[in-house]
Protein chains: 2
Amino acid sequence: MNIRSDDLAFLLFDWLKIAGDQDDYTSILASAERLGAELLANHAAKSDANEPKLVDGQVVLIPEIKRALDALADAGFFAIGAAAEDGGLGLPQTIVTACLAVFSAHNAPTYAYTMLTVAAANLLAIHGSPALKERYLKPMLAGKYFGTMCLSETHAGSSVGDISTVADPHADGSYRLRGSKMWISGGEHSMAENICHFVLAKIPGGPAGTRGISLFLVPRLHDDGSRNGIAVAGVNHKMGYRGTVNCLLNLGEHTPCVGYLVGQPHGGIRAMFTMMNEARIGVGTGAAAMGYAGFRAALAYAQERKQGRLPNAEPQSPPVAIIAHADVRRMLMQAKVYAEGALALCLYASQLLDEESAGDAEAGRVLALLTPIVKAWPSDFGLKANDLAIQVLAGAGYTRDFPLERLWRDNRLNAIHEGTNGIQGLDLLGRKVIADQGAGLKLLARRVQSTVARAAHDPELSPLAGELANAIQDIARVSEPLILRAAFNEMEIALANASHYLDALGHVVVAWLWLDQALIAKSLRDADSRGRDGLLDGKILACRYFFRWELPCIRYKLELIGKPDMIVLEVNGSVL
Amino acid sequence: MNIRSDDLAFLLFDWLKIAGDQDDYTSILASAERLGAELLANHAAKSDANEPKLVDGQVVLIPEIKRALDALADAGFFAIGAAAEDGGLGLPQTIVTACLAVFSAHNAPTYAYTMLTVAAANLLAIHGSPALKERYLKPMLAGKYFGTMCLSETHAGSSVGDISTVADPHADGSYRLRGSKMWISGGEHSMAENICHFVLAKIPGGPAGTRGISLFLVPRLHDDGSRNGIAVAGVNHKMGYRGTVNCLLNLGEHTPCVGYLVGQPHGGIRAMFTMMNEARIGVGTGAAAMGYAGFRAALAYAQERKQGRLPNAEPQSPPVAIIAHADVRRMLMQAKVYAEGALALCLYASQLLDEESAGDAEAGRVLALLTPIVKAWPSDFGLKANDLAIQVLAGAGYTRDFPLERLWRDNRLNAIHEGTNGIQGLDLLGRKVIADQGAGLKLLARRVQSTVARAAHDPELSPLAGELANAIQDIARVSEPLILRAAFNEMEIALANASHYLDALGHVVVAWLWLDQALIAKSLRDADSRGRDGLLDGKILACRYFFRWELPCIRYKLELIGKPDMIVLEVNGSVL
C-alpha cells in the first residue's frame, strides 16, 4: 500500500484522537485502499502515456478512468463528506482527507474528478437555492454528475477580479453567459451523465474587481439532454497530471449558455472561497500523498537493490543493499519528514475544519492562518520528497519503468494550481497576518506553546521544545514590524518577501507537529509494545531529524525578513 | 539567444581575462550561436515528443538530429578543443565550454552526441597507441565517427569496480569482450559512419575491484564495414533528455566482440578518470546552460505577460507586466544567480584545466577539489532555476507550449549521470579533502582570500568580503575534525554528511565567484559606460542577492557538519 494504514491509524486515532467509531473509520480507509490498489493504481502509468485527446470536439479518455470513477461512485466515495441531510455520509473532514490521501497516492489524476465534484457539491450544498440543490446535488453526490470550477480566463488567473465573462439576466430568472474559461480541470468529457460547471462571471452594472463577481451553475446538458452552450475549445498539453483533462471552454459562442445564479448577485467570490479553502487542503493532501508514495517506492527499492560497500569494507566483500549507505538513508529520511510531515499537517488542518464546522471559532481562525501553508508546504516539500526518491533510484528513477518520475511530474502542478504558492505567500502575510494584526498568529503560538510545555518534561525532547519556542517567538518578532510598515502604507515593502515568510512559518508549523507527534509516539512506546516499535521510533527519529536538519534553515530567513530586503525591489528587466 | 553573448564576453574577457584573440573567439561563439539557433533549437521539442525507437534492432531517430550533427561536424565543432598536432583547432577549454553552453542551451540532448565524441576523442588522444589514434582519431574529430563511454552495467553503476564484462586476450593482440553495458548514451544509431565505444572490462587474472579494470576501444563496425559483436538489446525510456538515445548493449553475445586495449592492462580506471573529469565539467555546463535558457525564457515571458496590480493600486488601473510583482522579481533573481553563477563556475573550472594543461600544478589541484562541485552544484541549482522559471509562467509553464517543462525534465538527469551527486559528495569529502589532508582546500582558501582582500577596499562590497572570509574559515574549521576522524578509522561517521558538505562548499565557492565578478563589474562600470550598465549592475545586484539570500544558508549546515550527526546512521528500514 502506498500510504501505510498503521501510519494513518497513528495520525488519526493516537495523535489527533478524532471522535467517532474507529472500526467504522478503519473499514472505510481499508475500502479506499482496496479500491485504490485495484482500480486506480492499474492505469496511472497508462493514462500518463495516453493523454486525453480532442477528437471531433469530443474528449477521449482511456476507459479505465471511467471504470474507476464508477466504482468510487458505487462505493459512495462522492458522498462521504456531505451532510446527512443532503444524502451524504457526514464523515468528518479528517477521514475525507485521509481517503483523499489514499486515493491520490495511487492515482491523483483520476481521483481529481471525484475531488472536484465533491468540492463543487459542497459549494452547492452551502450556497445553492433549494431548487438548484433539489435538481443537481443528489446526482453529484451519487457520482452521476461531475463538477468543475471555472474561475480562470486566459488573461486572468491570479487576478480573478479581471475576468471578462459576462452573465446577462434572462426573463426566466436564469442568466446567459458569454466568454471563455481557461485551465478547467475535467472541463469536458462524457464519463458522467452531466457536468455541473461552477462559473465565475460578471453581471453587468456591478462593482469593478472581485466585488462584482457572481457564481453560476452551468450544466453541460439541459434537462432534456440537449447541449448547453458551453463547449471545449481546446485541451492543454501538460507535463504531468495528464489523466485529468484540462480545457479551454467557450461559453455562449454559438448557442446560448444558460447559467443559474448560486448565492447572491456579486457574492460569487465569497462563495468561491468556501470551495477554495477546502480545495487548498485537497491540493496539499494530494501533494503530500504523492510525496509519500514516492518515498515508499524509493524505500522499497533501497531495501532490495544491492550495490557498493560501506567505507573501509573489503573490496571482495559482497555488495550491500543501498539503504546501508549513509547518503541513501539521509535521502530517505529527508523524504520521510517531508512526506509524513505534510500529511500530518493536512490532517491537522482537516481536524480544524471539523472543529470550525462544529462551532469552534478559534479553530476557524487558526485554520484560516494555516490554509496557505497547508496548500504550499506540501506542494513544495512533497515535490522535494519525489525528487529525493528519484535520486535514490538514480538512473532507474529517471526512467518510466518506475513511477518516481511520473509522481514528480504530477506533483509539480500542485505549487501552481488553486493559487500559486506566490499567491499563498501574499495571502498568508497580507491577509492572514497583517490584515489580521497578528491575532491569528497569537492563537497559533498558544497552541505551539502548549506542545512546548508538554515536551519540556521529556529529557530527550526538551531541547527541541526550546528551539521551537524560540522559533515561534522569532516569527512573532519579525511579523510586528511588517504589520507596522503596512499600517504606514508601505505595503509593497512589507510584502516583498512574503514567499520566504511562508517558507519559514511553514517549517515552524511542521516542526511543531513533528514534536507533538513525537510526544505521542513516546508515550505509546512507553505504555505498550504491540509491535509498532518501528513506526513509533520512526516518528521520534523523524522529529529529531527535522529539528536538527530542517528547522535551523529558518533562522537566516527570519533575520532577513526582519530587516526587509530591498534587493528584489531594485530588480528590473534591465539588470536581469 | 539563450545565452547572452555580452554575458559570455564579460565572463571570458573581462572577468577571466583569457589569453588569445578575442575577435577569433567572438566569431567562434557567434557561429555556435547561429548553428544552435538554426539547427538545434528547431527540433528540441520534436525530439522530445518523438523519442528514439528500436525497430527491428535499429535505433530510429528523427532526421533533424543527424542534420544538426552533420552541420556541427562541417563547422569543425567536433575538433575545436583537440590538439593541433592531432588535427584539432587547439582552442582553450574556456572557449570549448562556452560553446558547449551555447549549444546545450538550445538543445542539450542533440549536442550530447558531439560532447560524448569529443570526450572520447580526448581519451584516445591521451591514452591510445599511435596505431589506434591513426585509425580512429581523425574521423572522430571530423565528426564522421561518434564516441560513447561504456562504464555501467545493470548491477554496477556507482560501484564500477563490480563490473563483470570480461576481455579475453586474442592471438592477434586484440581482445574478445563478453558482457553487457547499461545506460549507454548514443550507444547505437546509424547517424555516423562508425561508433567508437570506450568500454571498461576485466582481463582475467587481474586484481579485484577497480584496479583490475582495463579500457578498450570497441568499434561498432570492423574496417571492412561488417558488424562487430556489440549490439543494442534495448533502449531506456527516460523522462527527459530523450533525443539522446540511451541503450543496453550486449557484447559478444552472438558474434565475437573485438576490442583494442587503450593504455595499459588494468590501467582503465585511471584513463577513464581523464575523461570523467572533463565530462563532469561538461555535465555541469549543460546543467548551467539549461538553467540559463529557462531563466531567459521566464524573463521574456515576465516582461510581456500582464496580470494583476501592485499592492495599493486602484482596482480599475490597468494590469502590470508580472515582472513588476516583487515575488516574480525574486524568482527571476534567484534563477539568475543560480544559472549565471553555475555558468561562471564552469568557465572558471575550464580556465583551471587550461592552466593545468599548461603545467600549472596548483591549478590542477584546485580543479581536482572543485570538480565534484562543478558537476553537482549546477545540476542542483540549474534545475532549481528551471523550477523557478516554470513557476514564473505558472500554468503556462506546466504545458508543452513552452520549453520550461522540457528543460526541467532534461536537466533532472544531470544530478544522476557521470556519478550521482551523492557520489560527488563522497569524492569531494573523502578523496579531495580527507585523503588530501586539506591541502587542496588551503590552496582554494588562498584564492578566496585574494578576492576578499581586493573587495575589502570597496565600501559596498567589503561587508560581503567579510562574510566570505568567515565562510571559508568555517569550511576549514569543520573539515579538520572530519580529517581527524577519518585518521582514527571513523570513515563512516566522517562521510555521513558528505552531501551537506558538498552543498555548503558549493555555495561558498559560488559566492566567491560572484564577489570576484562584482569587483570586475564595478571597475568596468566606473571606468567606462559603453551601454553595458544593465549587465554590470545586474552582476553587482546578483552578487548582493547571493550573499544576502543564499550564502547564509550554509551557516546551520556547517554547524551541524562540525558536530557530526549520527541520526542518519540510526536510520534503517524498520523506522522508515
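The values are calculated or read from the model by the stated rules, or taken from the named source; none is laboratory data. Remember, it's a predicted structure, so these values are computed and weren't measured experimentally. When we count neighbours, we look across all protein chains shown, and the Cβ atoms used for this are built from the backbone with ideal geometry, even at glycine. Quick note on the areas: whole protein, heavy atoms, side chains included, nothing else; ligands and nucleic acids left out. Shrake-Rupley method; radii C 1.70, N 1.55, O 1.52, S 1.80 Å.
Of the listed requirements (1) part of a helix (DSSP H, G or I); (2) open to solvent by 10 Å² or more (accessible area, probe 1.4 Å); (3) within 14 Å of chain B (Cβ to nearest Cβ), residue A:353 misses just one: (3). Annotation note: of A:464, A:482, the sole residue that is at pLDDT below 95 and within 13 Å of chain B (Cβ to nearest Cβ) is A:482. The listed residues are B:311, B:315, and the only one of them that is at pLDDT below 95, at the interface with another protein chain (Cβ under 10 Å from one of its Cβ atoms) and touching a Leu at 6+ places or on another chain (Cβ under 7 Å) turns out to be B:311. For segment A:136-155, filtered to residues that are within 12 Å of another protein chain (Cβ to nearest Cβ) and over 21 Å from the mean Cα position of the chain (by Cα), the residue that is surrounded by the most Cβ atoms within 10 Å (Cβ to Cβ) is A:153. In the condition set (1) farther than 28 Å from residue B:406 by Cα; (2) more than 11 Å from chain B (Cβ to nearest Cβ), residue A:342 is compliant with all but (1).
Number of residues in segment A:308-334 that are part of a loop (DSSP other than H, G, I, E, B) and open to solvent by 20 Å² or more (accessible area, probe 1.4 Å) equals 13. Take the conditions assigned to a helix (DSSP H, G or I), in contact with a Pro (Cβ under 8 Å, 6 or more places away or on another chain) and within 11 Å of chain B (Cβ to nearest Cβ) and apply them to residue A:427. Does it pass? Against the criterion (assigned to a helix (DSSP H, G or I), in contact with a Pro (Cβ under 8 Å, 6 or more places away or on another chain) and within 11 Å of chain B (Cβ to nearest Cβ)), residue A:427 does not qualify. Which of the residues that make up segment B:539-548 are at the interface with chain A (Cβ under 7 Å from one of its Cβ atoms) and open to solvent by less than 30 Å² (accessible area, probe 1.4 Å)? B:541, B:545 - these are the residues of segment B:539-548 that are at the interface with chain A (Cβ under 7 Å from one of its Cβ atoms) and open to solvent by less than 30 Å² (accessible area, probe 1.4 Å). Please tell me if residue A:158 is touching a residue at least 24 places away in the same chain (Cβ under 8 Å), open to solvent by 10 Å² or more (accessible area, probe 1.4 Å), touching a strand residue (DSSP E or B) at 6+ places or on another chain (Cβ under 9 Å) and closer than 23 Å to residue B:396 by Cβ. In short, no.
Criterion first (in contact with a Lys or Arg (Cβ under 9 Å, 6 or more places away or on another chain), at the interface with chain A (Cβ under 9 Å from one of its Cβ atoms), surrounded by fewer than 16 Cβ atoms within 10 Å (Cβ to Cβ) and touching a residue at least 40 places away in the same chain (Cβ under 8 Å)) does residue B:569 satisfy it? Yes; evaluated as a whole, the condition is true for this residue. Considering only residues in segment B:513-530 that are open to solvent by less than 10 Å² (accessible area, probe 1.4 Å) and not polar (S, T, N, Q), the one that is farthest from residue B:367 (Cα to Cα) turns out to be B:521. Considering only residues in segment A:414-424 that are within 9 Å of chain B (Cβ to nearest Cβ), part of a helix (DSSP H, G or I) and open to solvent by less than 20 Å² (accessible area, probe 1.4 Å), the one that is farthest from residue A:149 (Cα to Cα) turns out to be A:422. Restricted to helices (runs of 4 or more DSSP H) entirely inside segment B:2-97, those with at least 1 residues that are among the hydroxyl-bearing types (Ser, Thr, Tyr) and open to solvent by 20 Å² or more (accessible area, probe 1.4 Å) are B:5-9, B:22-35. With segment B:176-242 as the region, which strands (runs of 3 or more DSSP E) entirely inside it contain at least 3 residues that are in contact with a strand residue (DSSP E or B) (Cβ under 8 Å, 6 or more places away or on another chain), more than 14 Å from chain A (Cβ to nearest Cβ) and crowded, with 24+ Cβ neighbours inside 10 Å? By residue number, B:194-202, B:213-219.
Applying the selection to segment A:356-374, what residues are among the acidic types (Asp, Glu) and either assigned to a helix (DSSP H, G or I) or crowded, with 18+ Cβ neighbours inside 10 Å (or both)? Listed by number, the residues that qualify are A:356, A:362. Do we find a residue being open to solvent by 50 Å² or more (accessible area, probe 1.4 Å) and under 30 Å from residue A:147 (Cβ atoms) anywhere in segment A:289-296? No, segment A:289-296 has no match at all. Just so you know, in segment A:514-536 the residues that are within 20 Å of residue A:451 (Cβ to Cβ) and of a type outside the set (A, V, I, L, M) include one that is nearest to the chain's Cα centre (by Cα), and it is A:514.
Of the set (1) over 23 Å from residue B:63 (Cα atoms); (2) crowded, with 24+ Cβ neighbours inside 10 Å, all apply to residue B:245 but (1).
Candidates in segment B:485-522 are the residues that are over 23 Å from residue B:421 (Cα atoms) and without any contact (Cβ under 8 Å) to a residue 40 or more places away in the chain; of these, the one that is nearest to the other protein chains (Cβ to nearest Cβ) is B:489. Return yes when residue B:171 is free of Cβ contacts under 8 Å to residues at least 40 places away in the same chain, of a type in the set (A, V, I, L, M, F, W, C) and open to solvent by 20 Å² or more (accessible area, probe 1.4 Å) and no when it is not. Answer is yes for this residue.
Would you say residue B:558 is modelled with pLDDT of 90 or more, within 20 Å of residue A:559 (Cα to Cα) and open to solvent by less than 10 Å² (accessible area, probe 1.4 Å)? Yes. Can you pull out every residue in segment A:266-288 that is open to solvent by less than 10 Å² (accessible area, probe 1.4 Å) and either on the phi > 0 side of the Ramachandran plot or not in a helix (DSSP H, G or I) (or both)? Passing the criteria: none in range.
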